[in-house]
1. Inspect the stretch B:80-96 for any residue being among the hydrophobic types (A, V, I, L, M, F, W, C) and in a strand (DSSP E or B) and give the result as yes or no.
2. Here is a list: B:ASN145, B:ASN153. Which entry is surrounded by 13 or more Cβ atoms within 10 Å (Cβ to Cβ) and at pLDDT 95 or above?
3. If you go through the stretch A:77-100 one residue at a time, do you hit one that is of a type in the set (Phe, Trp, Tyr), under 22 Å from A:GLY154 (Cβ atoms), over 11 Å from the mean Cα position of the chain (by Cα) and at pLDDT 95 or above?
4. Within the stretch A:141-169, how many residues turn out to be within 14 Å of chain B (Cβ to nearest Cβ) and in contact with a helix residue (DSSP H, G or I) (Cβ under 6 Å, 6 or more places away or on another chain)?
5. Any residue in the stretch B:101-113 that is at negative phi sitting within a Cβ distance under 6 Å of a residue that is among the charged types (D, E, K, R)? List the pairs, counting only those 6 or more apart or interchain.
6. Determine, yes or no, whether B:ASP116 is more than 14 Å from chain A (Cβ to nearest Cβ) and surrounded by 13 or more Cβ atoms within 10 Å (Cβ to Cβ).
7. So, in the stretch A:40-90, of the ones that are exposed (fewer than 12 other Cβ atoms within 10 Å of the Cβ) and assigned to a loop (DSSP other than H, G, I, E, B), which residue ends up farthest from the other protein chains (Cβ to nearest Cβ)?
8. Mind checking which residues of the stretch A:130-140 are assigned to a helix (DSSP H, G or I) and within 9 Å of another protein chain (Cβ to nearest Cβ)?
Amino acid sequence: MKIKNTENQFGLVAISVHWIAALAVIGLFASGLYMRSLTYYDSLYQVLPYYHKSIGVILMLLILFRIVWRFINPQPKSLDTHSSLEKKGAKLAHIGLYLLMLAVMVAGYLISTAKGHGVNVFDLFEVPATLHGIAGQGDLAGMLHEYLAYGLLGLAGLHALGALKHHFIDKDRTLFRMIKGK
Amino acid sequence: MKLRTFAAASLAALMSVSAWADKYTIDTEGAHASVEFKIKHLGYSWLVGRFNDFKGEFTYDENNLAASQVNVVIETKSIDSNHAERDKHLRGNDFLEVDEFPKAVFQSTKVIPGTDGKFQIVGDLTLHGVKKEITIDAHHIGGGNDPWGGFRNGFEGTAKITLSDFNMNFNLGPASKDVELYLQAEGIRQ
């Protein structure tokens, strides 16, 4: 497998980022839901938000890198067997996934930094606060973070269903291309 | 002559009574007032926070302290413990539910004078939709002319409330059931 994409194949970098991001998004969504139900004396009460925020920041950097990578790489063409509706739908969904991931993560960042404190990432570095002190910032960002996350998960589910449809119904190589490259 | 003296004295007394039953606005604009609270963290330390936005007024008559009254309205969403995520939690459903209960109100019902400038303010605190009588241990700190043409009197007070009394039942641990309030109010005479 090549590092970079070609006209017909996904490269190692694109495939790795795809599956890491998929795992991270599912993990962040699940931990985000779960950690809000924890009681004060739960041993995860402090730990889970720390991992949630740290992984969120790392994923943000990864997605920004992925967007740059997309522009300095050829984008593999859709399979010829896909209908033009499928191609357009997939493209829209991909753009939507990028935008939603970025929006969810920015909203999350704005919750934690609402009072001007930065976000500690695995005790390695701190992302400083930028926008803060806006009236109602924490609550508004919190609401957006939640609703956009539901939207992201819904769209990711659609994206996965599409891949499974190609794999099991159309029996084409769409899903394999994201695993083996070709 | 005697009658005139008596009349003058009576008049003076009457005027001073009306002059002393003065209305004051709490100087929140100049932030010479604060509503702070503290609650034990695990029983190991105090967590201190405050409500940044509130308004209030009081009447004060140093010769008839029992006639004094005080009203304060606090914007619950202004809670500030210097921690964005904790403050969001405190504003939310586990504690203040600020969307549903945006204001906390204290209205005094009686003032019980004590000694050395100390007194007790008994009144109704409406917080998180629950109205309950609380007692503030207060004392007069000082009063007089300010350098800008006004006249001020200032007080501080403490009170203790129990979170569960106000229907806030999130378990913070056995040492953290009560909240102590620390109140400062400097009033400008109207």
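The values are calculated or read from the model by the stated rules, or taken from the named source; none is laboratory data. This one's a predicted model, so the numbers in the text were calculated from it and none came from an experiment. For neighbour counting, all protein chains shown are included, and Cβ atoms are generated from backbone atoms with ideal geometry for every residue, glycine included.
1. From the stretch B:80-96, those among the hydrophobic types (A, V, I, L, M, F, W, C) are B:84, B:90, B:95-96; that's our starting set.
Among the residues that remain, those that are also in a strand (DSSP E or B) are: none.
No, the stretch B:80-96 contains no residue that is among the hydrophobic types (A, V, I, L, M, F, W, C) and in a strand (DSSP E or B).
2. Values: B:ASN145 fails: surrounded by 13 or more Cβ atoms within 10 Å (Cβ to Cβ).
After ruling out the rest, the residue left standing is B:ASN153.
3. Step one: filter the stretch A:77-100 for residues of a type in the set (Phe, Trp, Tyr), giving A:98.
With the extra rule that they be under 22 Å from A:GLY154 (Cβ atoms), the set shrinks to A:98.
Narrowing further to those that are over 11 Å from the mean Cα position of the chain (by Cα): none.
Within the stretch A:77-100 (the criterion being of a type in the set (Phe, Trp, Tyr), under 22 Å from A:GLY154 (Cβ atoms), over 11 Å from the mean Cα position of the chain (by Cα) and at pLDDT 95 or above), the answer is no, since none of the residues qualifies.
4. So in the stretch A:141-169, the residues within 14 Å of chain B (Cβ to nearest Cβ) come out as A:141-146.
This time we only want the ones that are in contact with a helix residue (DSSP H, G or I) (Cβ under 6 Å, 6 or more places away or on another chain), so: A:141-142, A:144-145.
Qualifying residue count for the region: 4.
5. Listed by first residue and then by second, the contacts come to B:GLN107/B:ASP124.
6. No.
7. Going through the qualifying residues, I end up with A:ASP80.
8. Our first condition is that a residue be assigned to a helix (DSSP H, G or I); within the stretch A:130-140, this holds for A:137-140.
Selection gives A:GLN137, A:GLY138, A:ASP139.
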